[in-house]
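Undergrad: Here it is, the structure, as structure tokens.
Nothing in this text is a laboratory measurement; each read-out follows from the coordinates by a stated rule. Everything quoted here is computed from the prediction, not taken from an experiment. Positions of Cβ are backbone-derived with ideal geometry, glycine not excepted, and every protein chain shown enters the neighbour counts.
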Amino acid sequence: MASLRSQEATSSRSRFAHHVLLSRASDTRWTFSDHLYTALVGKIKSWHGVIKSLVSKPTKSLEFSLASLPSFLVWLSLADCSISDDSFPRDISSMPLLQALRLSNNPISSLPASIRNLSVLKQLDLERCTRLRTLPELPMTLQALSIYGCKSLQMATNLPNLLNSLMLSSYGCVKLVHVQELFKLEPIGNFYSEMIQSLGLAQLESMGSFEVELFNNLTLTKTKTPVLQGLYECGIYSIFLPRNEVPGWFSIKNTGSSISFNVPSPPSVKVRGLNVCVSYALNSDYKKSKWMYECIRVNNKTKGLKWTYRPAFTGIADEGKDMIWLSDWKIVDQLMNGGDEVTISVNMEEQYQLKEFGIRIVYDEQEEKVTAHNTTYPCPQNAIDLSAYEMSAGEYFLCNHDE
């Protein structure tokens, strides 16, 4: 992530824009105070006294009110100040010019919802806030975000501009499994029954217990899950299982990397879903890499549409432990219709060897045989807007992490 840098305020207010650093380091405390005193003379001498008292007292927790800070700040660092949830103010919207906020290495577990009101905030540093568990809605002006080392972070309300301009540092967020509107990883029991049956997983108990290791492509971390997990993103459900072959209910199979076909068009039925299963194993001749690049591509030659999906999580195959990647595409109405000429291909990271993959077209008459129950994910009604993922006319890249 780029370092937090000071930004100039508007020309009409430039002479009032100042940077403030609060630090507990004894070797910089008085230098800071002297510099602040020189810079902020006249009307703000009293405010200098407030800051000097804050950085001079060797208290265990920095308790303060942002009302005591000037509203014209553009850069504020509260790093390493032992700020806790109790001492952190709930309203931080009193600095309308703030462009950079540094809160790294503080024992906070959450941020106040009022952070979304910092309407010009561009840089937010939460590095190594190891107790941080959730992130509220962040302002859409954000250009750089560091959550590096936030090992307790589980959920983010949003990651503004992630698909285009956000500079994100998220390494080490081993528990991050949910970013609202982007992706969510959770026990498969929370998925709706139609999807579970569509993938042939209705009898989960008969499959026995197993442990799956997943790689998080957003945070570059690994996690082991004793309970079968499912990933939902971009209208696609994915599950990774320690199995070595494509199940028999996939009607079209190939040991190569692509399958071309014309979508069948039975009378009086409509295409409602696409299932893809990929079987892969560890390539013992290749050195393990740090990133996973597995993806599925759908090329509709009739409509001139191309879709590439790269999941946020990937199942890790190991020596003697093959994996299958099952996916259920509920955006099929955007992908194909009966009679279309389609090619589906699979690309695997070089450390993995593709063994086989299969596809299965699901029609509405098949879905009607299943009664769905109320769960975390209701059955999608083909209303998912994927325009943010369109790279060029008719070409989509469904990916919620860096390449």
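Undergrad: What is the set of long-range amide H partners of ALA156 at a cut-off below 5 Å, with H atoms built 1.01 Å from backbone N?
TA: Those lying under 5 Å, H to H, from ALA156 are LEU135, HIS178, VAL179, GLN180.
Undergrad: Treat each spin label as a single point 7 Å out from the Cα along the C-beta direction, and report the ASP86 to ARG131 distance in nm.
TA: Spacing of the two 7 Å Cα→Cβ label points: 1.0 nm.
Undergrad: Can I ask one more? Taking other Cβ within 10 Å of each residue's Cβ, how do MET167, MET140, MET323 sort, fewest first? The partial results should precede the final answer.
TA: Details: MET167 14, MET140 11, MET323 23.
Neighbour counts put them in this order, fewest first: MET140, MET167, MET323.
Undergrad: Karplus couplings for region 300-313 from phi (6.51 cos²θ - 1.76 cosθ + 1.60, θ = phi - 60°), rounded to Hz, Gly and Pro as x?
TA: Rounded to whole hertz, the list is 8, 5, 5, 9, x, 10, 10, 10, 10, 10, 10, x, 6, 10.
Undergrad: Follow-up question, since we're still on this one. Can you put ASP322, ASP91 in order of Cβ neighbours within 10 angstrom, beginning with the fewest?
TA: With the sparsest Cβ surroundings first, the list reads ASP91, ASP322.
Undergrad: Please give the FRET efficiency for LEU166 paired with LYS301, using the beta carbon to beta carbon distance and R0 = 25 Å, rounded to the nearest 0.05. Before the final figure, lay out the partial values.
TA: Values: r = 34 Å, r/R0 = 1.37.
The value I calculate is 0.15.
Undergrad: As a quick test, which of the pairs LYS175/LYS321; LYS224/LYS270; LYS222/LYS330; LYS253/LYS301; LYS306/LYS355 have an alpha carbon distance above 30 angstrom in this structure?
TA: Details: LYS175/LYS321 24 Å; LYS224/LYS270 39 Å; LYS222/LYS330 27 Å; LYS253/LYS301 20 Å; LYS306/LYS355 24 Å.
Correct reply: LYS224/LYS270.
Undergrad: Given bins 5 angstrom wide, list per bin the percent of all Cα-Cα distances in region 100-165, short to long.
TA: Per 5 Å bin, starting at 0, the Cα pair percentages come out as 4, 19, 31, 29, 15, 3, 0.
Undergrad: Under a 5 Å amide H to amide H cut-off, with H placed in plane at 1.01 Å, what residues pair with LYS270 once short-range neighbours are removed?
TA: Excluding prolines and chain starts, which carry no amide H, the hits are ASP364, GLU365.
Undergrad: What order, most packed first, do the peptides 394-401, 324-331 have when packing is the mean number of other Cβ atoms within 10 Å of each residue? Display every interim value, and only then the final one.
TA: Working: 394-401: 17.9, 324-331: 22.8.
Result, highest mean Cβ count within 10 Å first: 324-331, 394-401.
Undergrad: Given a Förster distance of 30 Å, report the FRET efficiency between SER284 and VAL227 from their Cβ-Cβ distance, rounded to the nearest 0.05. Don't skip to the answer; put the middle values down first.
TA: Details: r = 29 Å, r/R0 = 0.98.
Efficiency at R0 = 30 Å is approximately 0.55.
Undergrad: Something else now. Compute the length gained on full extension between THR141 and SER71: take 0.36 nm times their separation in residues and subtract their Cα-Cα distance, giving the result in nm to one decimal.
TA: Details: separation 70, 0.36 × 70 = 25.20 nm, distance 1.86 nm.
Result for the pair: 23.3 nm of gain on full extension.
Undergrad: How large is ³J(HN,Hα), in whole Hz, for each residue of region 133-147 in order, when computed from phi with the Karplus curve 6.51 cos²θ - 1.76 cosθ + 1.60 and θ = phi - 60°, using x for Gly and Pro?
TA: Per-residue couplings from phi come out as 10, 9, 10, x, 5, 9, x, 6, 7, 5, 10, 9, 9, 10, 10 Hz.
Undergrad: Next up: HN-Hα J couplings of region 316-333 from phi, Karplus 6.51/-1.76/1.60, θ = phi - 60°, integer Hz, Gly and Pro as x?
TA: 8, 7, 10, 4, x, 9, 6, 10, 10, 10, 9, 9, 10, 9, 8, 9, 4, 5
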